[in-house]
1. Can you compute the FRET efficiency between residue 238 and residue 313 using 1/(1 + (r/R0)^6), with r the Cβ-Cβ distance and R0 = 45 Å? Round to the nearest 0.05.
2. Remind me, relative contact order of the stretch 8-51 in percent, using alpha carbon pairs under 8 angstrom and six or more residues apart?
3. Using the structure shown, list the pairs from 210/238; 212/337; 210/337 with a Cα-Cα distance above 23 Å, or answer none.
4. For the stretch 180-193, in order, what is each residue's ³J(HN,Hα) by Karplus, 6.51 cos²θ - 1.76 cosθ + 1.60 with θ = phi - 60°, in whole Hz (x at glycine and Pro)?
5. For the stretch 241-300, I need the span (max minus min coordinate) of the C-alpha atoms along each principal axis, in Å, sorted largest to smallest.
6. May I have the extent of the alpha carbons of the stretch 166-241 along their three principal axes, as whole Å values ordered from largest to smallest?
7. Using Cα-Cα distances under 8 Å and only pairs 6 or more residues apart, what relative contact order does the chain have, in percent?
8. How large is the convex hull of the C-alpha atoms of the chain per residue, in Å³?
Amino acid sequence: MGERPPTSRDLARLAGVSQATVSRVLTNNPRVSPDTRARVLQVLAETNYTPNALARAMKTGRTDTIGVFMTRVTSPFHAALLDEIGRRLSEAGLHMILWNIEHDPEESVAEVVQQRLVDGFILTSATYDSRLHAAAVASGTPTVLLHRGIDGLDCDQVVGDNWQGAYDAGRYLVEAGHRDIGLVTLAHTGNTSRDRDLGFRAALDDAGVKIKTSNVVTTGVGHADGHAAAQKLLSRAKPPTAIYTVTDLLAFGLLDGARARGVQVPDDVWLIGFDNTDLASWEAFDLTTVDQPVHAIVEAGLTLLRQRIADPARPTTTQLLPCPLVIRGSTANTPAKPTGKKSRTRTD
């Protein structure tokens, strides 16, 4: 056969079977005897045969490839989320194409969505003002939203229960005796930031604690933004005794900003983040934070996506996974008090 790649006809001749039998082996068709399958697989290994992906896609209508849309891939949380998605797709024998929508023009992304290059889409950065999620659903390609959801979108979604996680963080601070509390939040571009803000405020409201307007900082998403928030909140004659931030990355910046001012955490101020990224457990940060169950979110999302690929007409579902509070040194390792409070209800 020289330098020419072997064809299915070549494989059939070498294995002493028909081309149809070779095709059945390549597609894991059960209608092949174990002995015949073993003989074909041996020939595949000996010839280093790799099926043509385009030809397989044309025959089966599947590419075995999933398109992932993400932003801020360098942030600790999104990097962990991307790593978990890639790992789980690989374990399932699927390939991944990544689009960083932070840099790609929306027109280019919309064109990709319409081309049907993949079997399904995973969106991790849905926002109220982005048309991407609606375009993905409208394209007919099976789509699932992970981590960030959009109310009312006819699409499978798997998100952490950000409202309840934030509520538990607020209740924890109040039960520890804090009344002068700071909040570092984001503009509400999606359900995640909204619920992490509103859940925290609800806990304080239920306890009769009012957040001073001067103790609320609405800022950007980076470490530098958290650092600047520390300067604003901790430069006062009477700064807050505890601060909650809606992401770990903001909390890391705030912790470094506190150190720069000579403010000790937790001796002078308690600090709580949200996401429970790997860095939160490092001794340098030792951050109390609300856990975002990345592994469970990805596992549930991929299950829904594969079900959607197999059955496009099935009803959509939204799964809300628990976000427990993880207590560390930034709140003096003070244990939370059991309350027996029933699960929250939310009206969207």
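Rule-based calculations on the coordinates, nothing more; no lab input. Quick caveat: nothing in here was measured; it's all calculated off a predicted structure. Note that each Cβ is placed from the backbone with ideal geometry, even for glycine, and that neighbours are counted across all protein chains shown.
1. Values: r = 60 Å, r/R0 = 1.34.
The pair residue 238/residue 313 has a calculated efficiency of 0.15.
2. Details: 28 pairs, mean separation 15.6, N = 44.
Reported as a whole number, the value is 36 percent.
3. On the way: 210/238 16 Å; 212/337 25 Å; 210/337 21 Å.
The pairs that break the limit, which is 23 Å between Cα atoms, are 212/337.
4. Calculated HN-Hα couplings, in order: 9, 10, x, 10, 10, 10, 10, 4, 7, 9, x, 4, 4, 5 Hz.
5. Rounded to whole Å, the extents work out to 43, 20, 15 Å.
6. Computed over the Cα atoms, the extents are 35, 31, 18 Å.
7. Details: 592 pairs, mean separation 51.2, N = 348.
After rounding, I find 15 percent.
8. Numbers: hull volume 64.3 nm³, N = 348.
Taking only Cα atoms, the chain has a hull volume of 185 Å³ per residue.
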